[in-house]
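Colleague: Before I ask anything, here is the structure I am working with.
The values are calculated or read from the model by the stated rules, or taken from the named source; none is laboratory data. This one's a predicted model, so the numbers in the text were calculated from it and none came from an experiment. Here the Cβ positions follow ideal geometry from the backbone for every residue, glycine too, while neighbour counts run over all protein chains shown. Surface areas here come from the heavy atoms of the whole protein model, side chains and all, with no ligands, DNA or RNA. Shrake-Rupley method; radii C 1.70, N 1.55, O 1.52, S 1.80 Å.
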Amino acid sequence: MILTLVAAFQLAVSSAPLQAGAGPASLTVKDASRTLSVGLIAASGGPLLRAEQLKPVVPITVSHLTGSRWMLIVNGTGIEVEDGNRFAKVGDQTYQLASPPEVRKGALYIPMQLVVEVISRIVPNLVWDPERFELRAFSSTQKFASRDAAAARALPRRRASSGESGGRVPATVASAAPLGPLRARRLVVVDAGHGGPDGGMHGPIGRSPELIEKEITLNVAKRVGAALGRRGIDVKYTRTTDTLIALSDRGRMANDARADLFLSIHVNAANPGWKDPGGARGFETYFLAEAKTEDARRLESMENEVVRFESGPSARPGDPLNFILNDMVQNQNLRESNELAELIQRRMGEVHPGPSRGVKQAGFRVLVTAFMPAVLVEIGFGTNPSEAGYLTDTSRMDELSGAISDAVLEYLKRYERRVAAAPDGASGGLSPR
């Protein structure tokens, strides 16, 4: 269904390009605690604005997918747009725009019309005031309403586990805990990064004893799995011993098991070129999309480097990232992964002594083949002496694993509430075991 918005988009400005005296040169965006002035630029069908400038007031994440395609995640709803294309896709609806989005110096500019007529509907406490030329959030503290159920991504249905697959996939660990707050049993695949000849990062810088990433990730992954089990969630591990699993195989294990979520656990390492690499601290969570920063690209390259250890038909370095990204957009896994990453980051922030480095995106090969919400968690810097001590403290590992598991449970509960609120039970949603 294609909806045309141009008839409703009258606003208080001319549809002609901005000129002196033709209309306001900026949009005011405000809530109870702040007021932003967002600059407008001229376009043939009406003004454009830089999407990321709305972020302090509007819950928006801007992600470059591939080529000319971009995704706006607004209040949990994905809006797909394309540079130079006068259409925007929201769930199963397509909107015709008066002006196409444009990319200028690597930044996405979107029609103001899209903000006023689509984004303001997705975020129900946003109010457009054409007389004052203001977009207002009427309460800065109110939680944003439930996601648009019609656009909610359906997590894959799962068949019963068949156990081992060619001797490579560890058996599923079924939870002995009661179902609790979830309506159905869920399966989470927990991936311990690296393994075998691929030790991952080594640290800390200038101190001993030596920390090896593959050992920490396996230890933490097992603790995350145990914590999930105590919350009534079934778990499958990509590895339970010191063995090498091809990056492309890890996501396929989750697909074969019809898992609901995929978590990959890693330890970060500082860039030796930084001013104080030994002082780098903190935790961050990634979802799959094109890396936006130099640091994200560096980490992507470092984590993907394991392919040099892989051999045989399962190691497929030619797996097309662009094809997978396109599939992710169609299945709306991108915004679901973003939400899961945000919850994990917030929960870790309650227990982790280091600073939150935020939710980020990169093209991690380990996430490419997982056709479900999938995230990669960097639990701290092994190159930092104090964080290396934290990551080897069993009590702190348990605390951190519990926080990650709490985030997973919260995500699944939110998902089930969205499905329950959707018309006809949100077809294609998770099915009970």
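Colleague: Could you grab me the full set of residues in the range 367-411 that are in contact with a Leu (Cβ under 8 Å, 6 or more places away or on another chain) and assigned to a helix (DSSP H, G or I)?
Modeller: Scanning the range 367-411 gives Leu367, Val368, Ala388, Leu391, Met397, Ile404, Ser405, Ala407, Val408, Leu409, Glu410, Tyr411.
Colleague: Among (1) assigned to a loop (DSSP other than H, G, I, E, B); (2) surrounded by 20 or more Cβ atoms within 10 Å (Cβ to Cβ); (3) modelled with pLDDT of 90 or more, where does Leu49 come up short?
Modeller: Going through the list (1) assigned to a loop (DSSP other than H, G, I, E, B); (2) surrounded by 20 or more Cβ atoms within 10 Å (Cβ to Cβ); (3) modelled with pLDDT of 90 or more, Leu49 breaks only (1).
Colleague: Let me ask something else about it. So which residues in the range 67-90 are open to solvent by 20 Å² or more (accessible area, probe 1.4 Å) and either in a loop (DSSP other than H, G, I, E, B) or at pLDDT below 80 (or both), if there are any at all?
Modeller: Gly67, Ser68, Asp83, Gly84, Asn85, Arg86
Colleague: Okay, next question. Looking for something more than 19 Å from Met372 (Cα to Cα), among the polar types (S, T, N, Q) and buried (at least 20 other Cβ atoms within 10 Å of the Cβ) - is there at least one such residue anywhere in the range 244-267?
Modeller: The answer is no; no qualifying residue exists.
Colleague: Can I ask one more? Condition check: open to solvent by less than 60 Å² (accessible area, probe 1.4 Å) and at pLDDT 85 or above. Does Val375 satisfy that?
Modeller: When the stated conditions are applied, Val375 passes them.
Colleague: As an exercise: evaluate Val359 against (1) under 13 Å from the mean Cα position of the chain (by Cα); (2) farther than 17 Å from Leu182 by Cβ; (3) buried (at least 23 other Cβ atoms within 10 Å of the Cβ) and give the number of the one condition it does not meet.
Modeller: The failed condition is (3).
Colleague: Next up: Enumerate the pairs (first residue in the range 124-137 and without any contact (Cβ under 8 Å) to a residue 24 or more places away in the chain and more than 20 Å from Gly76 (Cβ to Cβ); second residue anywhere and assigned to a loop (DSSP other than H, G, I, E, B) and open to solvent by less than 50 Å² (accessible area, probe 1.4 Å)) with beta-carbon separation below 9 Å, excluding pairs fewer than 6 apart on the same chain, so at least 6 apart or on different chains.
Modeller: Hits for this filter: Trp128/Leu11.
Okay, residues lined up against (1) assigned to a helix (DSSP H, G or I); (2) among the small types (Gly, Ala, Ser); (3) touching a Ser or Thr at 6+ places or on another chain (Cβ under 8 Å):
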| residue | (1), (2), (3) |
| --- | --- |
| Leu218 | yes, no, yes |
| Gly229 | yes, yes, yes |
| Ile245 | no, no, yes |
| Arg250 | yes, no, yes |
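Colleague: Further question: Take the range 91-111 and flag every residue that is modelled with pLDDT of 85 or more and among the polar types (S, T, N, Q).
Modeller: Hit for the range 91-111 is Ser99, nothing else.
Colleague: Can you find even one residue in the range 424-431 that is open to solvent by less than 10 Å² (accessible area, probe 1.4 Å) and at pLDDT below 90?
Modeller: The answer is yes, given that some residue of the range 424-431 is open to solvent by less than 10 Å² (accessible area, probe 1.4 Å) and at pLDDT below 90.
Colleague: May I pose another question? Given (1) among the hydrophobic types (A, V, I, L, M, F, W, C); (2) within 18 Å of Trp128 (Cα to Cα); (3) modelled with pLDDT of 85 or more, where does Ile41 come up short, assuming only one miss?
Modeller: Checking Ile41 against (1) among the hydrophobic types (A, V, I, L, M, F, W, C); (2) within 18 Å of Trp128 (Cα to Cα); (3) modelled with pLDDT of 85 or more, the one that fails is (2).
Colleague: Here's another thing I want to ask about it. Could you tell me which residue of the range 52-66 is modelled with the highest pLDDT, considering only residues that are under 20 Å from Arg121 (Cβ atoms) and open to solvent by less than 40 Å² (accessible area, probe 1.4 Å)?
Modeller: Going through the qualifying residues, I end up with Leu54.
Colleague: Just to be sure before I move on: is Lys214 in a helix (DSSP H, G or I) and open to solvent by 60 Å² or more (accessible area, probe 1.4 Å) in the structure I sent?
Modeller: no
Colleague: To continue, here is another question. Within the range 185-207, count every residue that is farther than 27 Å from Asp249 by Cα and either among the aliphatic types (A, V, I, L, M) or in contact with a helix residue (DSSP H, G or I) (Cβ under 6 Å, 6 or more places away or on another chain) (or both).
Modeller: 4
Colleague: For the range 224-243, name all the residues that are open to solvent by 20 Å² or more (accessible area, probe 1.4 Å), within 20 Å of Gly200 (Cα to Cα) and not aromatic (Phe, Trp, Tyr).
Modeller: Selection gives Thr240, Thr241, Asp242, Thr243.
Colleague: Kindly establish whether Ala221 is open to solvent by less than 40 Å² (accessible area, probe 1.4 Å), more than 21 Å from Glu416 (Cα to Cα) and free of Cβ contacts under 8 Å to residues at least 60 places away in the same chain.
Modeller: yes
Colleague: Separate question: So in the range 91-114, with the set limited to residues that are crowded, with 23+ Cβ neighbours inside 10 Å and over 14 Å from Ala42 (Cα atoms), which one is nearest to the chain's Cα centre (by Cα)?
Modeller: Filtering the range 91-114 for residues that are crowded, with 23+ Cβ neighbours inside 10 Å and over 14 Å from Ala42 (Cα atoms), the one nearest to the chain's Cα centre (by Cα) comes out as Leu114.
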